[in-house]
Every structure is written in C-alpha cells, then in structure tokens.
Amino acid sequence: MMRIKILILVLVAIIGGCASSEEQLQVPQTNRATAVKIQQKVNQNWVYFKKPEWWRGISVKVFLNPDGTLSDTKIVKSSGDKSLDFSLIRAIRKSVPFDIPEAEKEVFREFQMDF
C-alpha cells in the first residue's frame, strides 16, 4: 500500500472550537478539503479546559480500516500530560467514521495529525 506523507498546514477556524493555526494534518495537497473536514470534526469533539502554558503540542498517527472505522491510534509526540493526550484520542474515537470520499480512502488509511 502506498503511503503518502506530505506536510500541509491546515488552517481551521471553528466558532467555539479548539482549532488553532498551529494544527496540521499530514496528507497530500490534493486531499486538502477532506483533511480540513477531518480536522474540524476532531476539534469539535475534543474537550479540554485550556492548553497548559507549557504546551508542546501533540502528534497522533491514525490508522483506519477500509470501511473508514478506526483501527488504531498512536501518540507520536506526547504533550507531556497523559490526560490531555488521552482526551485527543477520545475525540478521534468519537469522530470516526470520517466522511472520506471513495477515491481518497487509500490515502487516509494512515495519516498523522499534529496539534
């Protein structure tokens, strides 16, 4: 399976959400619209009170089954706070299945989200 990893900056503005211009999703540029939708859905489901002053970011690798359901997640870079990391994993679990067009499903079988 071909796994494409090109870093693009996804600027997401969600009213009342947790989005920030620092958040990134690693996908091909041609799949930007789907990447934005995935980022928005996760942000809408991510509940945390406030980013700590020592915020270092979180990177999570997401693995999907062919039908779009979640296969696995892996923290690639921890925030340093396990409860904050786990809150992001919960948001991802709550967000699946993602609405991914049939033509893009192979690209999104494995991708990384950076917050």
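A few points about this structure:
- Residue in the stretch 98-110 that is within 13 Å of Asn45 (Cβ to Cβ), of a type outside the set (Gly, Ala, Ser) and crowded, with 18+ Cβ neighbours inside 10 Å present: yes
- Strands (runs of 3 or more DSSP E) (entirely within the stretch 33-115) containing at least 1 residues that are among the hydroxyl-bearing types (Ser, Thr, Tyr) and touching a strand residue (DSSP E or B) at 6+ places or on another chain (Cβ under 8 Å): 59-64, 70-77
- Of all residues in the stretch 9-27, none satisfies being modelled with pLDDT of 80 or more, of a type in the set (A, V, I, L, M, F, W, C), surrounded by 10 or more Cβ atoms within 10 Å (Cβ to Cβ) and farther than 18 Å from Gln112 by Cβ.
- Ser87 being polar (S, T, N, Q), under 25 Å from Asn31 (Cβ atoms), modelled with pLDDT of 90 or more and within 14 Å of the chain's Cα centre (by Cα): no
The values are calculated or read from the model by the stated rules, or taken from the named source; none is laboratory data. Remember, predicted model here, so these are calculated numbers, not experimental data. Ideal geometry is used to build each Cβ from the backbone, glycine not excepted, and the neighbour counts take in all protein chains shown.
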